[in-house]
Every structure is written in structure tokens, then in C-alpha cells.
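In what follows, a structure is listed as C-alpha cells, so that the remarks can point back to it.
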Amino acid sequence: MKLVFAGTPDTALPSLDALLASEHEVAAVVTRPDGRAGRGRRVAASPVAERAAAAGVEVLKPAKVRDPEFLDRLRKIAPDCCPVVAYGALLPREALDVPRHGWVNLHFSLLPAWRGAAPVQRAILHGDDVTGAATFEIEEGLDTGPVYGVLTEPIRPDDTSGDLLGRLAVAGAGLLLDTMNGIEAGVLEARPQPAEGVSHAAKLNPEDARVDWTAPARHIDRLVRACTPAPGPWTEFRGARLKLGPVRPAPPDAAPLPPGRLRAGKNEVLAGTATHPVVLGDVQPPGKRPMPAAAWARGAAITDEDALH
């Protein structure tokens, strides 16, 4: 089939690579306009734009998908289907009607669970044991279209959202390619999503990623892992923001600590929660690189009166 692929971040690259290596023709890619990225905040093309350009594929960067110039170009390309992975914008009816087989999205949840922008983060935060990916036909509702195929993936006890999303992106690429092959062969039928089990995955913002030390240790562990790498878990120490890496439960014989209170040992730093303490992993003070919590504690001369807020 002739395809127009829509995607923007690194997460979309395994799917784009799989389609480029397949017998399908990727006639163009649609991606978000260039934006500022990195520590220097330089204007840069998206990862998908860079990969497509390197492959000699036409790159379309509409400011809005309903722009007449973009829609005219899409109609001239006349794709059979438009596979989508983490594109980052809603598609209007004018665009949805162009390909004869529609737009098919690879979404990183077991629909109808976790419809929305942050399915992987919400699954970890909620404490789910299993998640997965689904391909479905996009309609004007938010992730409500009929499903072509699914795969499952266990959530490991130490998974961050970055870890889990990386695995799903690779496995999902195969699912998306299988879906394209099945649509072309006419052997794949999209089935409506069940009415039960719907949940919504709102985007996590930086304020959501602030650790509340009066929460149970289990919740803090999930929050930190869900927000790693983005939007980035954090807390306050001596009035300044301290970025956090994943934590782990303290040993069973660790003495209790009040919420947020610190206890620094030679090789580890404990922080109190509403239940049992947790051991801090890497931390990142303002203007510095991430470092082991024990090294940070020595440099900050932490006492038993210090606490995270």
C-alpha cells in the first residue's frame, strides 16, 4: 500500500523503520513543526523528520492539520492508509476522509483502558501489572475507534515509563506492520471497543511529578517511575528543586522516619514516607549533573534534621 506515516518523537521511530523496510511505500511523513529542544534550546526537527529526510522521504510539517495547503498535498499523494504513532495533534474530518483505509493509530495501552496522552505513565502510576499496545482506526473521538490488533506486555516492578515505552515501541512496530499487511490483504476486520473498562490517561505535568512524602512508599515509588524521564519527578530540599531518580524500599529492619525526613548513611540515603522509608537513587541538584544520593548527601552535609518537602 501507499502510506503516509504520521509521528513525531523517538517512540515513533521503530514503527517508521519497520514500514520503510517493508514492501509498503512510505510516500511521505507528517510530523510536528520544528521546535526547541535540548539544553541549548536550539530549534531542531523532530526525530521522525530527521529519519524520514535521511531516507529520502518527503516530510510534511503542517502548523495545523486542517491547513488547506497540507490537505491539498495529502489528497495529491492519495495514500491508501495513514499509520500514526505519537503524532501529537488531533486529526479533523477533512484529513480522516483522505485515505481509503483511514488513519490507523498505534496506541500504547490495551484499549479501552488508558485512552489519552499518557497511557504508559498512568498504567505505572495506577499499579497495573500488565499493559500493551493496540492498533485502531482513528475517528473523531479520543482513542475510541475500532481495534485491529493488540499485544500485551508485563509491567516489571522496576519499570520506568521510559523503560516500558521503549519495549512497547519496538513490539508495537511489529503489530503496526502486521496491521498494514492485514488491511492490504483484506483479512483484518476492526472490532468495536467494549463499553466497559474505559479509563482516561491525562497528561502528567511538572506539578503532578512533585513527590508528596506523606503518601505511602508504594505510591511514591510508582509516581517516581511513572514520571521518569518525563515530566521528571522532583521534590524540594532547602528551598530548591531537587530532581529524583527511581527509589527502592528500605531494608525491612530500617527504623521508621517521619515523612520527608532524611537519614544519610555511608552508602545510601533514606527518606521517610507515610509507611516505611525508601532509599533514594540518583538525585540532581540545581545546575549539577545527576549523582548518587550518598555523594549528594556528603556534599550537602545532610543532618538528621534535614527533610524533603
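The values are calculated or read from the model by the stated rules, or taken from the named source; none is laboratory data. All figures in this text were calculated on a predicted structure; none of them were measured in a lab. Using ideal geometry, Cβ is built from the backbone for each residue, glycine included, and neighbour counts are taken over all protein chains shown. Note: areas computed on protein heavy atoms with side chains; ligands, DNA, RNA excluded. Shrake-Rupley method; radii C 1.70, N 1.55, O 1.52, S 1.80 Å.
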Next item on the list: Tell me which of these Arg167 doesn't satisfy, since it passes every other one: (1) open to solvent by 10 Å² or more (accessible area, probe 1.4 Å); (2) in contact with a Pro (Cβ under 8 Å, 6 or more places away or on another chain).
Entry: (2)
Checklist line | Hits in segment 39-57 - residues which are at pLDDT below 95, open to solvent by 50 Å² or more (accessible area, probe 1.4 Å) and assigned to a loop (DSSP other than H, G, I, E, B) | finding: Arg39, Gly40, Arg41
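Rundown of residues vs (1) in contact with a Pro (Cβ under 6 Å, 6 or more places away or on another chain); (2) modelled with pLDDT under 95; (3) surrounded by 20 or more Cβ atoms within 10 Å (Cβ to Cβ), yes/no style:
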{"residue": "Ala201", "(1), (2), (3)": "yes, no, yes"}
{"residue": "Arg218", "(1), (2), (3)": "no, no, no"}
{"residue": "Arg225", "(1), (2), (3)": "yes, no, yes"}
{"residue": "Pro233", "(1), (2), (3)": "no, no, yes"}
{"residue": "Pro249", "(1), (2), (3)": "no, yes, no"}
{"residue": "Asn267", "(1), (2), (3)": "no, yes, no"}
{"residue": "Gly272", "(1), (2), (3)": "yes, no, yes"}
{"residue": "Gly281", "(1), (2), (3)": "yes, no, no"}
{"residue": "Gln284", "(1), (2), (3)": "yes, no, no"}
Notebook entry, point to check: Considering segment 190-199 alone, what residues qualify as being open to solvent by less than 70 Å² (accessible area, probe 1.4 Å) and farther than 17 Å from Pro119 by Cβ?
Noted result: Ala190
Margin query: Which condition from (1) out of contact with any Phe, Trp or Tyr (no Cβ under 9 Å at 6 or more places or on another chain); (2) part of a helix (DSSP H, G or I); (3) open to solvent by 20 Å² or more (accessible area, probe 1.4 Å); (4) touching a residue at least 24 places away in the same chain (Cβ under 8 Å) is the one that Thr11 breaks?
Written below: (1)
Check: When the residues of segment 170-189 are filtered to those that are under 20 Å from the mean Cα position of the chain (by Cα) and open to solvent by less than 30 Å² (accessible area, probe 1.4 Å), which remaining residue is nearest to Pro277 (Cα to Cα)?
Finding: Gly172
Next item on the list: For segment 236-243, state whether one or more residues are open to solvent by 50 Å² or more (accessible area, probe 1.4 Å), under 19 Å from Gly299 (Cβ atoms) and under 22 Å from the mean Cα position of the chain (by Cα).
Entry: yes
Margin query: Restricting to segment 14-44, count the residues that are more than 16 Å from the chain's Cα centre (by Cα) and touching a residue at least 12 places away in the same chain (Cβ under 8 Å).
Written below: 17
